[in-house]
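J.: The structure that follows is given in the form of structure tokens.
The values are calculated or read from the model by the stated rules, or taken from the named source; none is laboratory data. Please read these numbers as outputs of a predicted model, since none were measured by experiment. Cβ: placed from backbone, ideal geometry, glycine included. Neighbour counts: every protein chain shown. Side chains are part of the model used for accessible areas, which takes the heavy atoms of the whole protein and leaves out ligands, DNA and RNA. Shrake-Rupley method; radii C 1.70, N 1.55, O 1.52, S 1.80 Å.
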Amino acid sequence: MDVVHDTARSRFETRVDGHVGVCVYRRDGDVLDVVHTEVPPALRGHGVAAQLVRATLDWARGEGLRVRPRCSYVAAYMRRHPETLDLLAR
């Protein structure tokens, strides 16, 4: 599955079998507010949301950004993956 960064729409997205999953963010200076992750029911349970969030966090790290997980899924993902906690905005 390919995850694509759509900078014009401020989101990471993937398309699988005609379905689109997204992880949407808003950039505020050096902080990335990750506001929404959505995966259609047909794609749930296949790790799609995790891959979208991983791509978003990897990009944030590469850009030197801090992350504010406004989306409950992203907050839970970061708790489950402690290697991402250094990205948290204080």
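J.: Rounded to the nearest percent, how much of the accessible area of the chain (1.4 Å probe, protein heavy atoms only) is carbon and sulfur?
T.: Carbon and sulfur together cover 47 percent of it.
J.: Between the stretch 7-47 and the stretch 57-90, what is the C-alpha centre distance in whole Å?
T.: 14 Å
J.: Can I ask one more? Pop a pseudo-label 7 angstrom from the Cα along the beta-carbon direction at both VAL20 and HIS81 and give the gap in nm to one decimal.
T.: 2.3 nm
J.: Taking θ = phi - 60°, what integer Hz values does the Karplus form 6.51 cos²θ - 1.76 cosθ + 1.60 yield along the stretch 74-87, in sequence order, with x for Gly and Pro?
T.: Per-residue couplings from phi come out as 5, 4, 5, 4, 5, 5, 6, 10, x, 5, 9, 5, 5, 7 Hz.
J.: Using the Karplus curve 6.51 cos²θ - 1.76 cosθ + 1.60 with θ = phi - 60°, work out ³J(HN,Hα) for each residue of the stretch 7-23 in order, rounded to whole Hz, and write x for Gly and Pro.
T.: 5, 5, 9, 6, 7, 9, 9, 9, 10, 9, 6, x, 9, 10, x, 9, 10
J.: How much length, in nm to one decimal, is gained on full extension between ARG27 and TRP59, taken as 0.36 nm per residue of separation minus their Cα-Cα distance? Mind showing how you got there, number by number?
T.: On the way: separation 32, 0.36 × 32 = 11.52 nm, distance 1.21 nm.
Gain on extension, ARG27 to TRP59, equals 10.3 nm.
J.: I would also like to ask the following. Counting only C-alpha contacts under 8 Å and six or more residues apart, can you give the relative contact order of the stretch 1-61 as a whole percent?
T.: Working: 91 pairs, mean separation 16.7, N = 61.
After rounding, I find 27 percent.
J.: Using the heavy atoms of the protein chains alone and a 1.4 angstrom probe, what is the accessible area of the chain per residue in square angstrom?
T.: Working: 5170 Å² over 90 residues.
Each residue of the chain exposes 57 Å² on average to a 1.4 Å probe.
J.: In the neighborhood of ARG54, defined by Cβ-to-Cβ distances under 12 Å, what is the net charge if each Lys or Arg adds +1 and each Asp or Glu adds -1? Don't jump to the answer; show the numbers that get you there.
T.: Details: positive: ARG61, ARG80; negative: ASP58, GLU83.
For residues surrounding ARG54, the net value is 0.
J.: I would also like to ask the following. Taking only Cα atoms of the stretch 1-49, what ratio of Rg to Rh do you get with Rh as the Kirkwood inverse-distance radius? Please report the intermediate quantities before stating the final value.
T.: On the way: Rg = 11.5 Å, Rh = 11.4 Å.
My calculation puts Rg/Rh at 1.01.
J.: Report the far tail of the P(r) of the chain, meaning the percent of Cα-Cα pairs longer than 21 Å.
T.: Working: 922 of 4005 pairs.
Counting pairs separated by more than 21 Å, the tail of P(r) holds 23 percent.
J.: At 222 nm, what helix-only mean residue ellipticity would the chain give, in deg cm²/dmol to the nearest 500, using -39500 (n - 2.57) for each DSSP H run of four or more?
T.: That calculation yields -8500 deg cm²/dmol at 222 nm.
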